[in-house]
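> Input: one structure, supplied below.
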Ligand code: SF4
């Protein structure tokens, strides 16, 4: 197996919401990741926590689909197993004054709240989990992404929901909460032939959901806007760095000469340096 960090660049016409968001946050990072196909040297523990919690939620709904209803103890056991057994070497704790237990407890709390509240009340039907959407928007652009869950309410209304493990609940601006779930809802409308769908975010740390109505016309406008933004990015020839606090979470911060990583947030960079030191020492 090669040690090369180079992956195949993402096909130029495939645009996800996170691809556009990365461009908006730092065009230089976008260039390294999406155009040069470089792999980031680490992923943050926040990202690992999000993936692990999402996997447990997916398992819960899959179990329900098979007529089972996992108890809180089973859910927490599932989380603990994933957390303890699948700890990958590339996971970095960015905040140097925190340890992994902070995140472990946070994950447990989110799942406890979810199991006791939203899940207990939820009578909706699940149509798909981790549903991949891929919609051609123009000759040059396709929209792609994964929705956490697609279903129907007890009244039969189509919905798409995205589960969020972030602290902040987001605002409606383009790259915060933004149009991600509504874009998935627009695709779901096409796939299912419905006239209207609900697009929601459920904030696991707060136990709250935000819902937006998306009808055909709104869906069409959202996809058109996304296409225009993606085409603009596709035509860019310059990719300036935008250093800031997010550099601490950027897996290129060891090779980027523009990086600004405060000492208190240097866990990712340190992990990379340790790995590179071990590698050059033959470890
Ligand atoms: S370290 Fe900062 S400036 Fe450099 S690519 Fe990453 S986010 Fe951009």
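Values in this text are rule-based calculations from the coordinates and carry no lab data. Every value quoted in this text rests on a predicted model; they were computed, and no experiment measured them. Here the Cβ positions follow ideal geometry from the backbone for every residue, glycine too, while neighbour counts run over all protein chains shown.
> Convex hull over the Cα atoms of region 63-137, averaged projected area in nm²?
Values: hull surface 33.1 nm².
If you wrap the Cα atoms of region 63-137 in a convex hull and average its projections, you get 8.3 nm².
> Can you tell me the Rg and Dmax of region 1-124, counting just the alpha carbons, in angstroms?
Considering region 1-124 through its Cα atoms, Rg and Dmax are 18.0, 49 Å.
> Using DSSP, restrict attention to beta bridges with both residues in the chain and report what percent are antiparallel, rounded to the nearest 5. Each step should come with its number before you reach the end.
Values: 23 of 34 bridges.
So the antiparallel bridges amount to about 70 percent of the total.
> Between Rg and the Kirkwood Rh of the chain, both from Cα atoms, what is the Rg to Rh ratio?
Ratio of gyration radius to Kirkwood radius for the chain: 0.98.
> At 222 nm, what value in deg cm²/dmol follows for the chain if DSSP H runs of at least 4 each add -39500 (n - 2.57) and the sum is divided by all its residues, to the nearest 500?
Computed mean residue ellipticity for the chain: -13000 deg cm²/dmol.
> Can you grab the distance from the C-alpha centre of region 42-116 to the C-alpha centre of region 174-233, Å, no decimals?
Taking the Cα centre of each part, region 42-116 and region 174-233 sit 26 Å apart.
> Next question, about the same structure. Can you give the direction-averaged projected area of the convex hull of the alpha-carbon atoms in region 77-189, in nm²? Don't skip to the end; give the middle numbers.
Values: hull surface 40.3 nm².
The directionally averaged projection comes out at 10.1 nm².
> Would you please put 208-219, 60-71 in order of how densely packed they are, using the mean number of other Cβ atoms within 10 angstrom per residue and starting with the highest?
On the way: 208-219: 15.8, 60-71: 12.9.
Ranking, from highest mean packing down: 208-219, 60-71.
> Give the percent of DSSP beta bridges with both residues in region 125-234 that are antiparallel, rounded to the nearest 5.
75 percent
> Moving to a separate point now. Taking N as the number of residues in region 125-234, what is its Cα Rg relative to 2.2 N^0.38 Å?
1.04
> Which whole-number percentage describes the relative contact order of region 125-234, with Cα contacts under 8 Å and a sequence gap of 6 or more?
23 percent
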